[in-house]
1. Give me the residue from region A:14-35 that is outside any loop (DSSP other than H, G, I, E, B) and touching an Asp or Glu at 6+ places or on another chain (Cβ under 9 Å) and, out of that set, surrounded by the most Cβ atoms within 10 Å (Cβ to Cβ).
2. Tell me, yes or no, whether region B:86-99 has at least one residue that is over 23 Å from B:N31 (Cβ atoms) and surrounded by fewer than 22 Cβ atoms within 10 Å (Cβ to Cβ).
3. Among the residues of region A:46-76, which ones are surrounded by 17 or more Cβ atoms within 10 Å (Cβ to Cβ) and part of a strand (DSSP E or B)?
4. Given the options A:G94, A:G41, name the one that is within 12 Å of another protein chain (Cβ to nearest Cβ), exposed (fewer than 11 other Cβ atoms within 10 Å of the Cβ), small (G, A, S) and in contact with a strand residue (DSSP E or B) (Cβ under 9 Å, 6 or more places away or on another chain).
5. Scan region A:75-89 and tell me whether some residue there is within 13 Å of chain B (Cβ to nearest Cβ) and either in contact (Cβ under 8 Å) with a residue 40 or more places away in the chain or among the acidic types (D, E) (or both).
6. What's the total number of residues in region A:84-106 that are over 14 Å from A:L47 (Cβ atoms) and modelled with pLDDT under 95?
Amino acid sequence: AQSVTQPDIHITVSEGASLELRCNYSYGATPYLFWYVQSPGQGLQLLLKYFSGDTLVQGIKGFEAEFKRSQSSFNLRKPSVHWSDAAEYFCAVGAQSGGYNKLIFGAGTRLAVHP
Amino acid sequence: EAGVTQFPSHSVIEKGQTVTLRCDPISGHDNLYWYRRVMGKEIKFLLHFVKESKQDESGMPNNRFLAERTGGTYSTLKVQPAELEDSGVYFCASSLLGNTIYFGEGSWLTVV
């Protein structure tokens, strides 16, 4: 069965520090992978996505993620975190090959940023 | 271009009452989805419409939940009767087939 694991429930970093949020997936076919962010009181916003091609994908707000098939991972990174990045981050895999019709989400990682 | 819009944004109802959530997808998106996140758990898929047809409703928790999409435009999700464990945020999303799924801001439901 398809699944997504985000091992870190909470992460705290200092403003200006680098960030890496981990995501591992289990999926039999070529995955469609996504990172979404939910800021307090807000909806889900797409940060970036991987469908195919270059395994390093750039997203909004200075985020990037790297797809590593051998490790079944799609970790999210940012070189310098801003206080406004404090939010909850969700990794997701698109289920069904040849396109997808639904997303399977990880449990989320809540990011706190210290000044 | 307007995004996915949901109404109401917040709702507080008593156990046993009925609540109807509405979703307007992005114009032209045939695919419409409902997801929910209850009590800080994972965001879970509820169902998927293609136009007015239910493509996949495998995530609907029980028969207290009824989703409709009349005319293939907006959709409603009714919870009747609401239970305490239904509290959470209900997300609607839409997409073109095989493309990025865009989410609304959610309808936050509290059942007391």
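1. Out of the qualifying residues, it is A:L21.
2. Looking for residues that are over 23 Å from B:N31 (Cβ atoms) and surrounded by fewer than 22 Cβ atoms within 10 Å (Cβ to Cβ), one finds at least one in region B:86-99, hence yes.
3. Matches in region A:46-76: A:L47, A:L48, A:K49, A:Y50, A:V57, A:A65, A:F67, A:S73, A:F74, A:N75, A:L76.
4. Values: A:G94 fails: exposed (fewer than 11 other Cβ atoms within 10 Å of the Cβ).
None of the others qualify; the one that does is A:G41.
5. So far as region A:75-89 goes, yes, one or more of its residues are within 13 Å of chain B (Cβ to nearest Cβ) and either in contact (Cβ under 8 Å) with a residue 40 or more places away in the chain or among the acidic types (D, E) (or both).
6. Of the residues in that region, 11 qualify.
Yes/no matrix, rows are residues, columns are (1) more than 14 Å from chain A (Cβ to nearest Cβ); (2) out of contact with any strand residue (DSSP E or B) (no Cβ under 9 Å at 6 or more places or on another chain); (3) under 26 Å from A:F51 (Cβ atoms); (4) surrounded by 18 or more Cβ atoms within 10 Å (Cβ to Cβ):
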position	(1), (2), (3), (4)
B:T18	yes, no, no, no
B:R22	yes, no, no, no
B:K41	no, no, no, no
B:F45	no, no, yes, yes
B:S58	no, no, yes, no
B:Q80	yes, no, no, no
B:L84	yes, no, no, no
B:E105	no, no, yes, yes
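The values are calculated or read from the model by the stated rules, or taken from the named source; none is laboratory data. Everything numeric in this text was worked out from a predicted model, so none of it was measured. Ideal geometry is used to build each Cβ from the backbone, glycine not excepted, and the neighbour counts take in all protein chains shown.
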